[in-house]
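The values are calculated or read from the model by the stated rules, or taken from the named source; none is laboratory data. Note that the structure is a prediction, hence the values are computed from the model and not measured. We place every Cβ from the backbone using ideal geometry, glycine too, and count neighbours over all the protein chains shown.
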Amino acid sequence: MIRIRGLSKSFGAFKALDGLDLDVPEGQVLGLLGPNGAGKTTTVRVLTTLLQPDAGEATVAGHSVLDDPDGVRRSIGLSGQYAAVDEKLTGYENLYMVGRLYGMSRKASAGRASELLDQFRLSEVAGKRAGAYSGGMRRRLDLAGAIVARPPVVVLDEPTTGLDPRGRLDTWEVISSLVSSGTTVLLTTQYLEEADQLADNIAVIDAGRVIAKGTADELKAQVGSERIDVVLANPDHMQAAAALVSSTAGPGARLEINHQTRRISAAAPEGHRMLVRTLTDLQEAGLPVVEASLRRPTLDDVFLQLTGERPDEPAPAPSDPHEPSRKEAINA
């Protein structure tokens, strides 16, 4: 349903996309992950005809973004990083207006608006102005607006940014219901847990190129062994403990150190033996530990190994002022 080949886009000296290749099969969710400035939002802009690429091709539901942009727009629903709802209109009026803009009749627009308000659990507030909605309710209304015309493809650009945990869970439920009805979804997200929960397949992009792809389990397998986590009692012991854990882990071991949480993580190819040895060494060195665990790799570990940074870690801004920021809203 989505096919991208050799997609490139530059903003002055900054190359946002550099020969990007992607495929999204019908009825599946592709999670698009990457650090800030990796090209996620630029990809969304190209796929939704808001931006023309410099080179390459992209098709959505068989329509070329260059040769048939109208066909692409008829085939997609879009929910950007911020809920694109009219705060002065009620929830019902928002959805009715979208239906009319799609060319639906008054009767069809009214029926579809009522249907979606029920589906997204917004019937009780259908007559209230959207400006009075909570963040989670606004997001559900925005997602409902994206599927008023029953598009075969829905593009979600960081749909849960800024939501509280309850709002995120509500949004996940809505996305799952979309997929169960056969909709194809492209999901960009900064939450690794979100991709793990929702995506059939995941593509990690960095510097405008795909650097890894596969299922969540396949990507985790790339990290390899289990990992140990230790949390120290005293933040002043972090440097000494990191040196000791590094020595225990062996040459070339890559540690993840979080001074704020006093947590040190490292690969544990020997599993529980390394955990026991590490705890023994820390105890003998007089570096008390308040928490320790042995766990499987997570998508966070995959992200760190592939890109060299945490998913929520800010990256330097692009050198060219015309490059859209990661947080730029897409209201269309």
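Determine whether region 47-59 contains at least one residue that is of a type in the set (Val, Ile, Thr), over 28 Å from LEU169 (Cα atoms) and part of a strand (DSSP E or B). Yes.
The single residue among ALA38, ALA84, ALA113, ALA16 that is buried (at least 23 other Cβ atoms within 10 Å of the Cβ) and in a loop (DSSP other than H, G, I, E, B) turns out to be ALA38. Restrict the check to region 54-71 and report whether at least one residue is surrounded by 15 or more Cβ atoms within 10 Å (Cβ to Cβ), β-branched (Val, Ile, Thr) and on the phi > 0 side of the Ramachandran plot. Within region 54-71, none of the residues are surrounded by 15 or more Cβ atoms within 10 Å (Cβ to Cβ), β-branched (Val, Ile, Thr) and on the phi > 0 side of the Ramachandran plot. Only a single criterion out of (1) at pLDDT 95 or above; (2) assigned to a strand (DSSP E or B); (3) surrounded by 16 or more Cβ atoms within 10 Å (Cβ to Cβ) is not satisfied by LEU95, namely (2). You will find that of ALA285, ALA212, the residue that is outside the structural domain of ALA55 (by TED's automatic domain parsing) and either over 25 Å from the mean Cα position of the chain (by Cα) or not hydroxyl-bearing (Ser, Thr, Tyr) (or both) is ALA285 and no other. Would you be able to tell me the number of residues in region 50-97 that are under 20 Å from THR184 (Cβ atoms), of a type in the set (A, V, I, L, M, F, W, C) and either touching a strand residue (DSSP E or B) at 6+ places or on another chain (Cβ under 7 Å) or not assigned by TED's automatic domain parsing to the domain that holds GLY167 (or both)? Counting residues in region 50-97 that are under 20 Å from THR184 (Cβ atoms), of a type in the set (A, V, I, L, M, F, W, C) and either touching a strand residue (DSSP E or B) at 6+ places or on another chain (Cβ under 7 Å) or not assigned by TED's automatic domain parsing to the domain that holds GLY167 (or both) gives 7.
Annotation: SER293 fulfils all but one of (1) over 26 Å from the mean Cα position of the chain (by Cα); (2) farther than 26 Å from LEU219 by Cβ; the unmet one is (2).
Look at region 255-271: where a residue is free of Cβ contacts under 8 Å to residues at least 24 places away in the same chain and a partner is part of a strand (DSSP E or B) and surrounded by fewer than 16 Cβ atoms within 10 Å (Cβ to Cβ), sitting 6+ places away or on another chain with Cβ atoms under 9 Å, you get ILE257/ARG263.
Filter region 92-131 down to the residues that are closer than 20 Å to PRO151 by Cα, among the small types (Gly, Ala, Ser) and in contact (Cβ under 8 Å) with a residue 40 or more places away in the chain and list them by number. Scanning region 92-131 gives a single hit, GLY99.
For region 19-32, name all the residues that are out of contact with any helix residue (DSSP H, G or I) (no Cβ under 6 Å at 6 or more places or on another chain) and in a strand (DSSP E or B). Within region 19-32, GLY19, LEU20, ASP21, LEU22, ASP23, VAL24, LEU30 qualify.
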